[in-house]
Structures are given as structure tokens and as C-alpha cells.
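Just below is one structure, and these are the notes that go with it.
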Ligand SMILES: Nc1ncnc2c1ncn2[C@@H]1O[C@H](COP(=O)(O)OP(=O)(O)OP(=O)(O)O)[C@@H](O)[C@H]1O
Ligand SMILES: [Mg+2]
């Protein structure tokens with residue numbers, strides 16, 4: 001754990017609702033080091049997803065900067081930002097966002113196909129297929145290649161979304177409430193996958209409102225009233241990680 005991979009400085013974001021602005025983030029600063037597993041916590045509506053999208057180069061802040069590996073992600077060209085989002089940052093969305101008309105295999109292939117010409121696709125097809133099979137194995141979804149999202153359970157959809165987020169071996173994985181829509185047992189399975197990825201070196205920033213889930217991370221960042229606060233506790237309950245193994 002040494003290099004800084006992500007630095008957000010004084011990030012602010014408002015939404016205009018009718019005449020009055022809704023100030024969601026009011027100067028949030030945080031850093032993440034390579035190899036870390038950080039949990040962003042806070043109550044519903046406090047701006048966790050908003051912040052994660054900003055950190056993931058998906059939505060620019062009104063004010064402040066986000067640096068990924070030392071580069072301001074909102075000052076590089078759109079093309080460079082797209083490449084960053086496709087190759088370097090994996091995003092697990094709060095509501096999966098799988099493409100409904102594609103099956104599991106195709107959904108996970110999408111990030112590999114972006115930026116690949118038809119000619120290159122021919123020569124890379126076998127390698128891409130291998131990569132997809134590797135991540136499907138990692139998330140335990142090898143038996144569901146031909147299923148479309150509406151033919152999967154919630155946990156299977158989440159696992160497909162994780163597989164898609166990691167297929168390009170991103171240097172940073174952002175996960176927005178990865179267990180939020182799942183039953184406890186399925187949630188534990190998803191967390192076990194994320195913990196294992198982190199043990200293998202994957203840097204992860206995970207949003208959650210659940211202290212038991214946040215306890216699995218190395219470090220917790222609390223968000224309230226648009227700012228990072230000290231939060232109720234910086235220490236993890238010692239017995240929780242064992243239950244997901
Ligand atoms: N596009 C938008 N336009 C207007 N308001 C928005 C928009 N997106 C989010 N908000 C508002 O900003 C606030 C923060 O939303 P956000 O989705 O970041 O919260 P959250 O902490 O992720 O909540 P949850 O835990 O319920 O997912 C909420 O009050 C929400 O209503
Ligand atoms: Mg959210």
C-alpha cells in the first residue's frame with residue numbers, strides 16, 4: 001500500500017430543483033491508496049452515489065478536482081476520459097445497469113469490445129472469450145452464459161455486473177451498494193468476492209450505508225451534510241469479516 005491512486009479535493013455538487021439548489025456535496029476531500037479497500041458510508045440521500053459517480057469520471061463536480069493517478073479526470077479530453085472509464089476504472093452500479101437485450105456473456109464482453117475494430121476482434125476473439133470466462137469463474141457464474149438479465153436472480157445479476165466491471169482488469173473498482181438489493185446470504189457471497197479481489201491486489205471503493213458491511217473495508221469515510229465527517233467509529237468489529245468466508 002503505497003501510491004496514491006485517487007485524490008478528490010474540495011468536491012462540491014448541487015442539483016437545481018425548481019428555484020432552489022440542492023447542495024448535495026459541500027467540499028468533500030478524500031484520498032485512496034493503491035491496494036486499499038475503502039468504504040464510503042452515510043444515510044440514504046446523503047450523496048454517496050453522487051460522490052462515487054464523480055470519483056469514477058462519470059459526472060463532473062461543480063467545484064473541486066478529482067485526480068486519478070495524478071491526472072485531473074475532468075481536464076483530460078473526452079476521448080481520454082472514455083478510455084479511463086473503460087480500462088482503468090470499473091464501476092458496479094447501484095442498480096446493475098446490465099443491458100437487457102444482451103445475455104451474460106455479451107454483457108461482460110461489452111467493455112472488451114469498446115475500442116476494438118472488427119478486424120482486431122477477429123484476432124482477439126479467443127483471448128477475449130478467455131478473459132470473460134476467467135471473470136465469470138471468479139464470480140461463480142459459469143453456468144449462466146446465455147441467460148439475459150431478466151432470466152437471472154438478483155444475486156446473479158450483481159455477479160454479472162461485477163464480472164463486467166473487472167473484465168478489463170481496472171486499477172480501481174468502484175462499487176455502489178453492491179449488496180443493497182440482495183438478501184443477507186447472497187450479500188455475503190458478493191462481499192466475499194470483493195474481499196477476495198482486494199486480497200489479490202484490487203483497489204476498491206465501496207459505498208454502503210451498512211456498518212457491518214463497511215467493517216470489511218480497511219478504512220471508512222463518513223459522509224453527512226455534504227461533508228466528510230469523523231464518523232461514529234474508525235475501528236472495525238473484529239468478528240465480522242470471518243462470517244463471509
Ligand atoms: N439528477 C438529480 N437531480 C436532482 N436531484 C438529485 C439527482 N441525483 C440525486 N439527487 C438528489 O441528491 C441527493 C443525493 O443523492 P444520491 O443518489 O447521491 O444519494 P445516496 O447517498 O446514494 O442515497 P441512497 O443511499 O438512497 O442510494 C438526494 O437527495 C437525491 O434526491
Ligand atoms: Mg445511492
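Structure values in brief
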item: Spatial separation of Cα centroids for the range 1-80 and the range 135-192, in angstrom; result: 24
item: Two-decimal log10 I(q)/I(0) for the chain, as the Debye equation yields it once each C-alpha is a single scatterer, q = 0.08, 0.11, 0.14, 0.16 Å⁻¹; result: -0.31, -0.59, -0.95, -1.22
item: The range 4-234 - share of DSSP beta bridges that are antiparallel (%, nearest 5); result: 55
item: On Cα atoms only, tilt of 184-199 relative to the major axis of the chain in degrees; result: 90
item: Calculated P(r) tail over 19 Å for the range 10-112, as whole % of Cα pairs; result: 53
item: Distance (nanometres) between label positions extended 7 Å along Cα→Cβ at residue 74 and residue 151; result: 4.2
item: Label point 7 Å beyond Cα of residue 113 along Cβ direction - residues of the range 155-172 with amide nitrogen under 16 Å; result: 164-165, 167-168
item: The chain, relative contact order [Cα under 8 Å, separation at least 6], %; result: 28
item: Fewest-first ranking of 150, 210, using other Cβ atoms within 10 Å as the exposure measure; result: 150, 210
item: Distance (nanometres) between label positions extended 7 Å along Cα→Cβ at residue 121 and residue 23; result: 4.9
item: Rg/Rh ratio calculated on Cα atoms of the range 70-211 (Kirkwood radius); result: 0.97
item: Helical contribution to [θ] at 222 nm, DSSP H n ≥ 4, -39,500 (n - 2.57), averaged over the chain, rounded to 500; result: -9500 deg cm²/dmol
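The numbers here are math on the coordinates, done by the rules we state, and not lab data. The shown structure was predicted, so the numbers you read here are calculated from the model rather than taken from an experiment. Heads up, the Cβs are rebuilt from the backbone with ideal geometry, glycines too, and the neighbour counts pull from every protein chain shown.
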